[in-house]
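Visitor: Have a look at this one.
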Amino acid sequence: MSVADRLPLGDAAGNGALLLGAVCVLLAAVFALTPLVVSLPGSLYVFFEVAILFAVYGVLVLGLDLQYGHTGLVNFGHVAFFAVGAYAVAMLSARDSFAGVSLGLPWPVALAGGVVVAALLGAAVGATSVRLRDDFLAVATLATAEIVHSLFVSFEGVFGGNVGIGSVPQPVSDLAGDADTAMLATLLLFGGVTLFTLAAVTRLTEAPYGRVLRAIRADELVTRSVGKSVLTYKMQSFVYGAALAGLAGGLFALYTGAVAPGYFTIQVTVTVWIGMLLGGAANHRGVLAGLAVIMGLRLLSRFALGVMPLSADAFASVRLVVVGLILVAVIRYRPAGLWGDAEELGVDT
């Protein structure tokens, strides 16, 4: 019997993601720290930009899947924790920003601070909201996202208003020899972080802890009757998801070199929710695949814009309609998602 046969499926998947993530990080270090120079064709720039954004959103969607897919927490304000993580990293690490606070701390300290601040916000929101029924929780988290966005716009002296905060360090770009090499190294590094996150959440949810989360999603009363603290598990799941969103936000800030309220709109939440529902909630690899489909449509639409007789605004509306129709079709014919388990989710097919 092989080692793979003796390991549970979740352990095998987690080990595979961990190994592949380590390879990606190692390759990123090779490209960033050695005098290798990569020359990318101009047509691939858009692909790499979308792929990097997919890696960032991948961490985001895995946190959301932990909250909703495994625990049943309907969080429509996930972008708030993403934004808080990004702004915390920007404020802690930026040097002499044109607007807002810039403390100039080392970026690793700032990234850790961004995760902690997002987790603390998750704890504050969770303490007041996870007891609510699903629809009320959805409204409360959506309101949180709008409040956070309004604060970033209104307090110009702290958050830079609509201008945001610039002069954020870009460690990969600073190490790499040129822009093309930096882009490739960034994709490999962020891809490795996404795979590490996949390995971590897979291990967590395949453990007995994850079975308790799924029991809460299925029936809170039964879970409570066997002596499990439903509120504690809900709080932990919500905070873990918020911390992952903060990590994604911190990576985004260190990639772009600036943050502004326009980066953190409700569209971010909509994108990751559609990706999760399309792929199949409670299936970590499935939600990443669903997100890849959505990001792939975004990539194809960028190329299609140049050949279709539509203005940019009209084409953006058409793209949203197409994505909406795809989601409606999936919900109608595959309510558990393309790779979801209908029996586990309790969905009628």
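The values are calculated or read from the model by the stated rules, or taken from the named source; none is laboratory data. This one's a predicted model, so the numbers in the text were calculated from it and none came from an experiment. Neighbour counts are summed over all protein chains in view; Cβ atoms, including those assigned to glycine, are modelled from backbone coordinates with ideal geometry.
Visitor: May I ask you to say which residue of LEU184, LEU175 is more than 19 Å from the chain's Cα centre (by Cα), crowded, with 18+ Cβ neighbours inside 10 Å and at pLDDT below 95?
Guide: Step by step, each of LEU184, LEU175 is checked, and only LEU184 is more than 19 Å from the chain's Cα centre (by Cα), crowded, with 18+ Cβ neighbours inside 10 Å and at pLDDT below 95.
Visitor: Given the structure, is MET235 assigned to a helix (DSSP H, G or I), in the same structural domain as VAL109 (by TED's automatic domain parsing) and at negative phi?
Guide: In short, yes.
Visitor: While we're here: Please go through the stretch 252-309 and give me each residue that is part of a loop (DSSP other than H, G, I, E, B), modelled with pLDDT of 90 or more and farther than 27 Å from ILE331 by Cβ, ordered by number.
Guide: If the condition is that a residue be part of a loop (DSSP other than H, G, I, E, B), modelled with pLDDT of 90 or more and farther than 27 Å from ILE331 by Cβ, then GLY257, ALA258, ALA260 are the ones that fit.
Visitor: Might you let me know whether the stretch 229-241 holds any residue that is within 13 Å of the chain's Cα centre (by Cα) and not hydroxyl-bearing (Ser, Thr, Tyr)?
Guide: yes
Visitor: Hey, among TYR45, TYR57, which residue is modelled with pLDDT of 95 or more and either within 21 Å of the chain's Cα centre (by Cα) or surrounded by fewer than 16 Cβ atoms within 10 Å (Cβ to Cβ) (or both)?
Guide: None of the others qualify; the one that does is TYR57.
Visitor: Right, here's the next one. Look through the stretch 160-178, keep the residues that are polar (S, T, N, Q) and part of a loop (DSSP other than H, G, I, E, B), and return whichever of them is farthest from LEU33 (Cα to Cα).
Guide: ASN162
Visitor: Looking at GLY63, GLY100 in this structure, which one is in contact (Cβ under 8 Å) with a residue 40 or more places away in the chain, more than 24 Å from PRO208 (Cα to Cα) and buried (at least 24 other Cβ atoms within 10 Å of the Cβ)?
Guide: GLY100
Visitor: Which members of the stretch 60-103 meet the condition of being more than 15 Å from ALA258 (Cβ to Cβ) and assigned to a loop (DSSP other than H, G, I, E, B)?
Guide: Once the filter is applied, which keeps residues that are more than 15 Å from ALA258 (Cβ to Cβ) and assigned to a loop (DSSP other than H, G, I, E, B), the stretch 60-103 yields THR71, GLY72, LEU73, VAL74, ASN75, PHE76, GLY77, LEU103.
Visitor: Does VAL84 satisfy the criteria of being over 11 Å from the mean Cα position of the chain (by Cα) and of a type in the set (A, V, I, L, M)?
Guide: yes
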